[in-house]
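Student: Dropping the structure in here first, questions after.
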Amino acid sequence: MRRLWVLVGAASIAASAFAGEIPRSERRSGYDFMGRETRAMQDDDTANPGMLWVLEGESLWDRKSGAAARACADCHGDARTTMKGVAARHPSFDAALGRPVNLEQRINRCRTERQNAPALASESRDLLALSAYVARQSRGLPIEVAVDQRMQPFLDAGRATFHRRQGQLNLACSQCHDDHWGRRLAGNVIPQAHPTGYPLYRLEWQSLGSLQRRLRNCLVGIRAEPYEYGAPELVDLELYLMWRARGMTIEAPAVRP
Amino acid sequence: MASALINVPARARRGDVIEIKTLISHVMETGYRRSQLGARLPRDIITLFVCTYNGTEVFRAELHPAIAANPFIVFSTVATESGTLAFHWTGDNGFSVTESARITVE
Amino acid sequence: MSRRTSRREFLLAAGAAGGLGLASVIAVEPARATPVAMEDAIRKVIGSARVTPGRVKLDVPPLVENGNTVPLAVSVESPMTEADHVRAIHVFTEKNPQPDVVSFRFGSRAGRAGAATRVRLADTQTVVAIAELSDGSFWSARADVVVTLAACLEGV
């Protein structure tokens, strides 16, 4: 019973707290809040379970798909060069759709438009493998999503979602992740919620998963109806989170508790 | 899923004790979980891991459901001669994967 | 020392207060094994031999971030010669649904009597490692591990 009081307590404390953006100098990756052993799991490519998906993605990269019988490699060549920085710049604006798309949606756009293949299902093994492989090529690079005039309304929508109270617990993301990061919630340390390592291997899932999966978990956690995979609310929120984490280093594929 | 990730040093001196790391993708379904409809999800795990060095068994691990998904096993062996290290995983539902790595021992 | 709330109790409490049915959560079978069941499992593996505490090094974090994946390492100082080596190291838990975790089997070619892996721990409990030596002796080590639950449980 004690754990419930912690959640209810957090909600009432938060009512009087301010929601301010974390200053650049205090921005820290979820990596810094993890224990030694979990960090060791992430640091060693031969022990990081996320690498299983990266290797799978590497072989999918060369596989011809769809009516066009094209492989990613046929247009994009060696991912180690051509995909460098791509994950660090997503979500990015898609002119045809007139809105930002995240990395998984970009991969599916290529599949449907260029390979004439059916889109890969959200959180499917192949889509996770490809996004893990592409994201891996940005490891070590700083996050830099471009927010121009076209992107601004979507960034604002994402920011509004981040600050909006939701769910039966009536909590906003900012209340935990801007105001109470570093403090504990039922045995876990609250991180700042920077998506530096996605797609990542989450010990709770015992599998690799996307940022959207994690966001949906959080929404369930505050007892809110989670948005569907690919929903504009989630992509706008991803955009805001990546912008909020601008300058931080990509760690994909990360490991998190 | 890429079946397995093996980490074996490519070269070693005769007599050195080398560390080998293996990681294989497998859900390791415990047999204790239930689906959303209440039906018990049947056990599906890797039960045995064997390493042979030029055909001779040098290490074995018997796994139970308490081993985490995507089993990670680290062990050591003495670098005796150049050749092939073979890794065999077997388990429920006819699961069987074999990977190998070459090592040069000087 | 307050009793640790088990995973099942937490799920029930959270579900009752939160109002959200637990139907969407894949329920975990309550931890069922007891220290007695662990003793039985140990006897099944090593027979009636006497076990002496000592010589085994059991490395497991005292506080784990997630019970689904807990790094665990065991080792025994041994010359690992044909005449004097460690035959096997077995690992057991007290409160998992099943006490057996893993059995590592070595020979004189191992070079080092040690192995590492990642295990699942259902609850705060004691982990036991038992080593079987070539001279027929058995040695053991115990480690207490605190397992915490994720704050926001996955429903999707």
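Student: Tell me which lysines have Cα within less than 24 Å of residue C:44's Cα, excluding those fewer than 8 residues away on the same chain?
Tutor: C:57, C:95
Student: Moving to a separate point now. Measuring from a point 7 Å past the Cα of residue B:17 along Cα-to-C-beta, which residues in the stretch C:102-120 have an amide N at less than 19 Å?
Tutor: It comes to C:104-117, nothing else.
Student: If I take R0 = 51 Å and measure r between the Cβ atoms of residue A:141 and residue C:43 in this structure, what FRET efficiency does the formula 1/(1 + (r/R0)^6) give, to the nearest 0.05?
Tutor: 0.35
Student: With an 8 Å cut-off on Cα pairs and a minimum separation of 6 or more residues, tell me the relative contact order of chain A in percent.
Tutor: Averaging sequence separation for qualifying contacts and normalising by length gives 28 percent for chain A.
Student: Please state the relative contact order of the stretch C:32-147 as a whole percent: Cα pairs under 8 Å, 6+ residues apart?
Tutor: 35 percent
Student: Continuing with this model, one more query. What is the distance, in nm, between label points placed 7 Å from the Cα along the Cα-to-Cβ direction at residue A:78 and at residue B:29?
Tutor: Calculated label separation equals 4.2 nm.
Student: Tell me the Kirkwood radius of the stretch C:32-147: reciprocal of the mean inverse pair distance over distinct alpha-carbon atoms, in Å.
Tutor: Evaluated on the stretch C:32-147, it is 14.2 Å.
Student: Scan the stretch A:203-257 for trypsin sites (Lys or Arg not before Pro) in coil per DSSP, keeping those whose Cβ has at most 16 other Cβ atoms within 10 Å, and list them by number.
Tutor: Those satisfying the criteria are A:246.
Student: Do the sum for the protein assembly as shown: with -39,500 (n - 2.57) for every DSSP H run of n ≥ 4, divided by all residues, what is the mean residue ellipticity at 222 nm, to the nearest 500 deg cm²/dmol?
Tutor: Rounded to the nearest 500, the figure is -7500 deg cm²/dmol.
Student: Still on this structure: Which lysines, if any, have their Cα less than 23 Å from the Cα of residue A:64, not counting same-chain residues under 8 positions apart?
Tutor: Partners within reach: A:84.
Student: Rounded, prolate or oblate: which fits the stretch A:50-136, taking a ≥ b ≥ c as square roots of the Cα gyration tensor eigenvalues, rounded meaning a/c under 1.5, else prolate when a/b beats b/c?
Tutor: Judged from the Cα gyration tensor, the stretch A:50-136 comes out rounded (a/c under 1.5).
Student: Which residue, B:66, B:39, B:86, has the most motion in a Gaussian network model of chain B that connects Cα atoms within less than 10 Å?
Tutor: B:39
Student: For a quick check, take a GNM of chain A with Cα springs below 10 Å and name the residue from A:65, A:124, A:138 with the largest mean-square fluctuation.
Tutor: Its mean-square fluctuation being the largest, the pick is A:124.
Student: Please state, rounded to one decimal and in Å, the Kirkwood hydrodynamic radius that chain A gives when every pair of distinct Cα atoms enters the mean of 1/r.
Tutor: It works out to 18.9 Å.
Student: A further question follows. Quick one: grab the alpha carbon gyration tensor of the stretch A:56-190, order the square roots of its eigenvalues as a ≥ b ≥ c, and give me rounded if a/c is under 1.5, else prolate or oblate depending on whether a/b is larger than b/c.
Tutor: Cα axes put the stretch A:56-190 in the prolate bin.
Student: May I ask which residue of A:73, A:181, A:145 lies farthest towards the positive end of the charge dipole of chain A, with charges of +1 (Lys, Arg) and -1 (Asp, Glu) on Cβ and the Cα centre as origin?
Tutor: A:181
Student: Ok, one more. Peptide C:113-124: average number of partner chain Cβ atoms within 10 Å per residue?
Tutor: 6
Student: Run the simple label-point estimate for residue B:106 and residue B:56 please: 7 Å along Cα→C-beta, distance reported in nm.
Tutor: Here the answer is 2.3 nm between the modelled labels.
Student: If you don't mind, another one. Once the Cα gyration tensor of the stretch A:146-254 is diagonalised, what are the square roots of 5 times its eigenvalues, in whole Å and ordered largest first, as equivalent ellipsoid semi-axes?
Tutor: Calculated on Cα positions only, the semi-axes equal 20, 18, 15 Å.
Student: May I ask you to derive the FRET efficiency for residue A:44 and residue A:149 from their Cβ-Cβ distance with R0 = 41 Å, giving the value to the nearest 0.05?
Tutor: 0.40
Student: Do you know the relative contact order of the stretch A:50-136, to the nearest whole percent, from alpha carbon pairs under 8 angstrom that are 6+ apart?
Tutor: 44 percent.
Student: With the dipole of the protein assembly as shown worked out from charges on the C-beta (+1 for Lys and Arg, -1 for Asp and Glu) around the Cα centre, which of C:145, C:110, C:53 lies farthest toward the positive end?
Tutor: Going by the Cα projections, it comes out as C:145.
Student: Sticking with this one: According to a simple spin-label model (label point 7 Å from Cα along Cα-to-Cβ), what is the distance in nm between residue B:97 and residue C:57?
Tutor: So the two model labels end up 3.0 nm from each other.
Student: Compute for the stretch B:4-105: radius of gyration divided by Kirkwood radius, i.e. Rg/Rh, restricted to C-alpha atoms, rounded to two decimals.
Tutor: That ratio is 1.09, to two decimals.
Student: Subtracting the Cα-Cα distance from 0.36 nm times the residue separation, let me have the gained length for residue B:90 to residue B:40 in nm, one decimal.
Tutor: Contour length minus Cα-Cα distance gives 15.7 nm.
Student: Test of understanding: in a Gaussian network model of chain A with alpha carbons linked when under 10 Å, which of A:71, A:79, A:47 would top the mean-square fluctuation ranking?
Tutor: Highest fluctuation among the options: A:47.
Student: Would the protein assembly as shown count as rounded, prolate or oblate if I go by the C-alpha gyration tensor, calling it rounded below 1.5 in a/c and otherwise prolate when a/b exceeds b/c, oblate otherwise?
Tutor: Oblate, since a/c reaches 1.5 and b/c is not below a/b.
Coordinate-derived values only; no laboratory data. In this text, all values refer to a predicted model and were calculated from it rather than measured experimentally. We place every Cβ from the backbone using ideal geometry, glycine too, and count neighbours over all the protein chains shown.
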